[in-house]
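Working notes, structure below.
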Amino acid sequence: APGIMPAAGDEPGPGKRQVLAVMERVADWQIAHQNQVTHHDLDWTNAALYIGMSELAAISKDAKYGKWLRDIGWKYQWQPNGHMYLADDLAVSQMYLDMYRRTGDKRMLDPTTARTEWVIRHPSASSLLIDYKDYLTLERWSWCDALFMAPPVYAQMSRITGDPKYL
């Protein structure tokens, strides 16, 4: 069909600028509708958005994406969500650490440092068996998506501090 195949010398598919423009339109829609989200701002579901938005902020020429993320961070004083061990509650720190690396503002780093240090000094003794009715069984990150939530924070902490204990 006409228009489907690229012309000679053209790269197949949309170019980088077109992809970035779509990403920005999607991000703009998400920001405009964020007040309709029913999960807490620091819930893992929003953390996944912030992690992606942080990647966009790194490549977009529009500073509003980074500002939006910083506003969220400052709203919560860069604190991870409530449970000390729960991987889901640490996921937001991935965005916090990205913001710290871009700005060097230790206030963005300190709460995540405190959380990760505490967990290292107080390892969970709970079982690896999961019972979603028992919070204690969620301390050991034995569900598959926990690997997306907490370990990247510890890897970033090791890279930021140069300390292998986080690994």
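Just to verify a result, which residue in region 128-149, among those that are open to solvent by less than 90 Å² (accessible area, probe 1.4 Å) and in contact with a Leu (Cβ under 8 Å, 6 or more places away or on another chain), is farthest from Leu86 (Cα to Cα)? Among those residues, the one meeting the criterion is Ile130. Restricting attention to region 85-100, does a residue exist that is open to solvent by 70 Å² or more (accessible area, probe 1.4 Å) and within 21 Å of Leu147 (Cα to Cα)? No, region 85-100 contains no residue that is open to solvent by 70 Å² or more (accessible area, probe 1.4 Å) and within 21 Å of Leu147 (Cα to Cα).
Look through Arg70, Arg115 and report the one residue that is buried (at least 21 other Cβ atoms within 10 Å of the Cβ), part of a helix (DSSP H, G or I) and in contact with a helix residue (DSSP H, G or I) (Cβ under 7 Å, 6 or more places away or on another chain). Explain how you work it out, then say what you get.
Working: Arg70 fails: buried (at least 21 other Cβ atoms within 10 Å of the Cβ).
Going through Arg70, Arg115 in turn, just one is buried (at least 21 other Cβ atoms within 10 Å of the Cβ), part of a helix (DSSP H, G or I) and in contact with a helix residue (DSSP H, G or I) (Cβ under 7 Å, 6 or more places away or on another chain): Arg115.
Can you work out which of the residues in region 73-83 that are part of a loop (DSSP other than H, G, I, E, B) and open to solvent by less than 80 Å² (accessible area, probe 1.4 Å) is farthest from Val153 (Cα to Cα)?
Narrowing region 73-83 to residues part of a loop (DSSP other than H, G, I, E, B): 76-83.
This time we only want the ones that are open to solvent by less than 80 Å² (accessible area, probe 1.4 Å), so: 76, 78, 80-82.
Values: Tyr76: 18, Trp78: 14, Pro80: 11, Asn81: 13, Gly82: 16 Å.
By that ranking, first place goes to Tyr76.
Checked across region 122-133, the condition of being of a type outside the set (Asp, Glu) and assigned to a helix (DSSP H, G or I) holds for no residue.
Is it true that Arg25 is in a helix (DSSP H, G or I), at pLDDT below 95 and open to solvent by 60 Å² or more (accessible area, probe 1.4 Å)? Walk me through how you get there before you give the answer.
On the way: in a helix (DSSP H, G or I): yes; at pLDDT below 95: no; open to solvent by 60 Å² or more (accessible area, probe 1.4 Å): yes.
Criteria not met by Arg25.
The set of residues from region 101-112 being closer than 24 Å to Leu56 by Cβ, of a type outside the set (Gly, Ala, Ser) and surrounded by fewer than 17 Cβ atoms within 10 Å (Cβ to Cβ) comprises Arg101, Arg102, Thr103, Asp105, Arg107.
Within region 128-165, the residues that satisfy the criterion of being out of contact with any Asp or Glu (no Cβ under 9 Å at 6 or more places or on another chain) and hydroxyl-bearing (Ser, Thr, Tyr) are Tyr132, Tyr135, Ser142, Tyr154, Ser158, Thr161.
The values are calculated or read from the model by the stated rules, or taken from the named source; none is laboratory data. What you see is a predicted model, and the numbers here were worked out from it, not measured in a lab. We place every Cβ from the backbone using ideal geometry, glycine too, and count neighbours over all the protein chains shown. Accessible surface areas use protein heavy atoms only, side chains included; no ligands, DNA or RNA. Shrake-Rupley method; radii C 1.70, N 1.55, O 1.52, S 1.80 Å.
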